[in-house]
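> Here it is, the structure in full.
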Amino acid sequence: MPVTTLDVRPTGVEREPRSGAGNRTALIVDDDAGVRDLLRFILEGEGLVVETAENGYQGLARALYRRPSLVLLDLNIAYLSGEIVARELRATYGESLPIILVSGNGDVEEVADRIGADAYLAKPFSWNGVLGAVRRALAPVGAR
């Protein structure tokens, strides 16, 4: 049964449309609190409103409840793997939701290609690497 069949919204609340350019949001899904905090710091410095989740189920629920402008997603997370979360997000939002995979595994590039991620970051990642990936992912489609 696909995960998207779960109703994770409170009763009577509809999904919100994608945020406007002046109110871009990022969702960070990573089980490492230090990585979440660092990515939050970098993204807030770019003017993004940041939400976080520590496992795949939380991340998917948050993204389905309120569509983010961008998702940074660790592949190795609890409850639902990053790959499953990414596939469900693609099934729901298509290619219009930028997804950046983050992983310490050597296969992150292969998984990124398989699920159609916009970019990937291998841990440990650099500050400039994060900024570059995020800026490219949020650029208008013709400018990518």
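> Kindly indicate whether Ile100 is of a type in the set (A, V, I, L, M, F, W, C) and assigned to a helix (DSSP H, G or I).
The answer is no for Ile100.
> Within segment 87-97, can you find the residues that are within 21 Å of Pro140 (Cα to Cα) and part of a helix (DSSP H, G or I)?
Leu89, Arg90, Thr92, Tyr93, Gly94, Glu95, Ser96
For every residue, the table says whether it meets (1) surrounded by fewer than 20 Cβ atoms within 10 Å (Cβ to Cβ); (2) assigned to a loop (DSSP other than H, G, I, E, B); (3) under 12 Å from the mean Cα position of the chain (by Cα).
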residue	(1), (2), (3)
Ile28	no, no, yes
Gly34	yes, no, no
Leu39	no, no, yes
Gly59	no, no, yes
Leu64	yes, no, yes
Val71	no, no, yes
Ala78	yes, yes, no
Val85	no, no, yes
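> When segment 86-104 is examined, which residues are found to be under 14 Å from Asp30 (Cα atoms) and free of Cβ contacts under 8 Å to residues at least 60 places away in the same chain?
Those that are under 14 Å from Asp30 (Cα atoms) and free of Cβ contacts under 8 Å to residues at least 60 places away in the same chain: Ala86, Ile99, Ile100, Leu101, Ser103, Gly104.
> Here's a follow-up. Any chance you could count how many residues in segment 1-30 are at pLDDT 95 or above and either under 15 Å from Trp127 (Cα atoms) or not hydrophobic (A, V, I, L, M, F, W, C) (or both)?
Summing the residues that are at pLDDT 95 or above and either under 15 Å from Trp127 (Cα atoms) or not hydrophobic (A, V, I, L, M, F, W, C) (or both) in segment 1-30 gives 2.
> So how many residues does segment 103-115 have that are farther than 9 Å from Leu75 by Cβ and assigned to a loop (DSSP other than H, G, I, E, B)?
Looking only at that region, the number is 1.
> Among what's in segment 95-139 and is closer than 17 Å to Gly45 by Cβ and of a type in the set (A, V, I, L, M), pick the residue that is surrounded by the fewest Cβ atoms within 10 Å (Cβ to Cβ).
Leu131
The values are calculated or read from the model by the stated rules, or taken from the named source; none is laboratory data. Everything numeric here is computed off the predicted structure, so don't read it as measured data. Ideal geometry is used to build each Cβ from the backbone, glycine not excepted, and the neighbour counts take in all protein chains shown.
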